[in-house]
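Trainee: Shown below is the structure under consideration.
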Amino acid sequence: MAEFKGYGRTTFIPFMDQETAMKIDSRYLNCVIRILDFNKFSLASKIMENEREDEIEDMSTSPPSLGSLQFAGSNGFGHSMEFMSQAYLPNIYTDIDIKIEDSNFNQDPPLPIYLKILNNVQFEDVEYKVRASQAASTNPVKSVMSKVAIQHNLGEDKYKKILKGMTGSIGPGEILALMGPSGSGKTTLLRVVGGRLVENVKGKITYNDVRFNAAVKRRIGFVTQEDVLFPQLTVEETLIFSAFLRLPGNMSEQQKYARVETTIKELGLESISGGERKRTSIGYEILVDPSLLLLDEPTSGLDSTAANRLLLTLQGLAKGGRTIITTIHQPSSRIFHMFDKLLLISEGYPIYYGKAKDTMQYFSSLSFTPEIPMNPAEFMLDLATGQVNNISFPQDIFKDQESADRSKSVIKYLQLKYKETLEAKEKDENHGAANTPEHLQLAIQVKKDWTVSWLDQFFILYKRTFRARCKDYFDKLRLVQALGIALLLGLLWWKSSTNTEAQVRDQVGLMFYICIFWTSSCIFGAVYVFPFEKVYLVKERKADMYRLSVYYVSSTLCDMVAHVFYPTFFMLILYFMAGFKRTVACFFLTLFAVLLIAITSQGAGELFGAAVMSIQRAGIIASLILMLFLLTGGYYVQHVPKVMQWLKYLSFVYYGFRLLLKVQYSGEQLYECESERGCRPLQSSPSFDTVNLKGGLTEAWIMVAMALCFRILAYFCLRRRIEVRN
């Protein structure tokens, strides 16, 4: 291993002997090399080398201007920072003030990634296919027709090719634009390059001549077309929580706040308009310095000024040493000329790949020229769709072709010319032997572990979850609902007693209604949580932001705040109005039973939601199972037929109702003392024919076990659903 010192910084490079280290270009390192013991290295290096003509020229790290950053350590690595002044980042959207040190500390540039896409099989390019039924599944009519066609033509391939041959390369400091009409395969290619689609993919994709792996995944940032951001959080809060989850745990809080402030200033984030949401999504990813940044339609929904500003931001990020690939539909002329390279796609085939500034010259060489002043991007899209209105073209391409096939003829001609000229040139120049420096190949394979511990992730996620959901927890309507129903029930059962059989029956009915109310409230309060948040969860899990177990535990414990607060508030009012036993022990045991019902119901709701991950289906399933539990709860039907008795043992309402009765009543308590037959024990009442009022521990333990089992099953269902989507 070698140690390099330069600009007041120590960098350790594993798996590098002295001879290899001496070969590294001194223009970029300005270092002194000495051999260290192999077991003492602690941090993989991020070093850039200028060995390709087309790579960005100035990749060196400039000295810090107002602060200094030093990495050092032998058995681990620590950070020490010195800053010359203090600064504050005021949060104008919330009541949070973020105190930080000076943010102009020196940061290592991202590890350069040289991306190559190459296929050594049939077409020597990247291919991706899906089942024909899956491709048409969004349209019911097309889906049915597709299935019928497959059944009547079993000899044909049941797969539909989305990508039919992609070859290209891009290095740090460059922006590659994937352009084409809707449905051409731009987003699919982006997802394949980002490792988000792995099944049914043919071809070879390498990063620094290394195949995709878990270590490479941590160096890729992916900005989706939809801005998946928590609407309850401000820009600052969104980035702060991301920083604390994704930045290394050995960075101090001040350094993480400083990184957030630097990102906000770099992207010009001030408000939450459409452009700011998109830049916030970009900041969400660049916060951890990804080497490769992928963006899907970043300018969609933005006006020309906002789109231009966003592309200027991307240009600045690229100049910082990042590799950027973006899909774009129809950019303006000004935006088009900001791209370094362009890959034009038509029906899954490439028809141009090369420098963006050379596109018009290339198509002119093929005799395709616009007859009127035209936006280059508009000209490209017309060619990609085979539309040659107001475009001059070689007439021989329509030879022996019917008029109905004119657009197909243009596309096939362009595809053929691409394969004859551009594809062969690209493969000869950039897809021969591995030409990425060995130390970069090794560095990109250094696996990044979780940045913070399980417990730290839990506290961060718990705080974020509570901040995002607190308005729902303490919603005035929910408070009025609990208060109103408690008062209504208290007035209806005002000072009720158990002196007669009718009064006993009334109080037992109130007990069962309490079970019904909190069972339904907690089930429907929990069943929609995971279906609502699945888009956020899938996005953040794909970025390896946190462990799924941390998310689940923090979510269920955070929701438990509401599921404990409202039943407690409810029982404090109702218990004394309804005339239940006025003893401290009885009150707290009754409250414990109600809370146990609420917490078990919450677990059941989470299980139903995680099992289907669909808002509509989760609600239907919850309604059906709730109805089943209520019918077998032991109030409406006490003597259940033997063939159906097993159902009641699956119902937590059955155990919760019995637990409430055993807590509130004693079998030896006397009633009907004023009747002709005289006093009788309460256990003899028909209301308790199937309930032994002694004990209660059995029901309590069963409820606890069911609450735990529901949550364990919910976690594994959630894991299965999220992994399927990943």
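Trainee: If I ask for residues that are in a helix (DSSP H, G or I) and either more than 44 Å from the chain's Cα centre (by Cα) or closer than 15 Å to I351 by Cβ (or both), which ones from region 363-384 would you list?
Mentor: Of the residues in region 363-384, the ones in a helix (DSSP H, G or I) are 363-365, 376-384.
Once the filter is applied, which keeps residues that are in a helix (DSSP H, G or I) and either more than 44 Å from the chain's Cα centre (by Cα) or closer than 15 Å to I351 by Cβ (or both), region 363-384 yields F363, S364, S365, P376, A377, F379, M380, L381, D382, L383, A384.
Yes/no matrix, rows are residues, columns are (1) basic (K, R); (2) at pLDDT 90 or above:
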{"residue": "Q457", "(1), (2)": "no, yes"}
{"residue": "A482", "(1), (2)": "no, yes"}
{"residue": "L491", "(1), (2)": "no, yes"}
{"residue": "K495", "(1), (2)": "yes, no"}
{"residue": "T500", "(1), (2)": "no, no"}
{"residue": "Q503", "(1), (2)": "no, no"}
{"residue": "D506", "(1), (2)": "no, no"}
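Trainee: Can I ask one more? Mind counting the residues in region 144-198 that are modelled with pLDDT of 85 or more and farther than 23 Å from Y349 by Cα?
Mentor: Final tally of qualifying residues: 2.
Trainee: Scan region 285-309 for residues that are touching a Ser or Thr at 6+ places or on another chain (Cβ under 6 Å), closer than 19 Å to L178 by Cβ and outside any loop (DSSP other than H, G, I, E, B) and report the count.
Mentor: 3
Trainee: Another one. Mind checking which residues of region 662-683 are of a type outside the set (K, R), surrounded by 12 or more Cβ atoms within 10 Å (Cβ to Cβ) and without any contact (Cβ under 8 Å) to a residue 40 or more places away in the chain?
Mentor: S666, G667, L670, P681, Q683
Trainee: Something else about it: Pick out the one residue from W701, W646 that is assigned by TED's automatic domain parsing to the domain that holds F576, more than 27 Å from E501 (Cα to Cα), modelled with pLDDT under 85 and assigned to a helix (DSSP H, G or I).
Mentor: Exactly one of W701, W646 is assigned by TED's automatic domain parsing to the domain that holds F576, more than 27 Å from E501 (Cα to Cα), modelled with pLDDT under 85 and assigned to a helix (DSSP H, G or I), namely W646.
Trainee: Still on this structure, please answer the following. Can R677 be described as more than 22 Å from V640 (Cβ to Cβ) and in contact with a helix residue (DSSP H, G or I) (Cβ under 6 Å, 6 or more places away or on another chain)?
Mentor: Numbers: more than 22 Å from V640 (Cβ to Cβ): yes; in contact with a helix residue (DSSP H, G or I) (Cβ under 6 Å, 6 or more places away or on another chain): no.
When the stated conditions are applied, R677 does not pass them.
Trainee: Taking the condition of being aromatic (F, W, Y) and either within 13 Å of Q602 (Cβ to Cβ) or surrounded by fewer than 18 Cβ atoms within 10 Å (Cβ to Cβ) (or both), how many residues in region 550-572 meet it?
Mentor: Total meeting the criteria: 4.
The values are calculated or read from the model by the stated rules, or taken from the named source; none is laboratory data. Remember, predicted model here, so these are calculated numbers, not experimental data. Don't worry about glycine lacking a Cβ; one is built from the backbone with ideal geometry, like all the others, and counts go over all protein chains shown.
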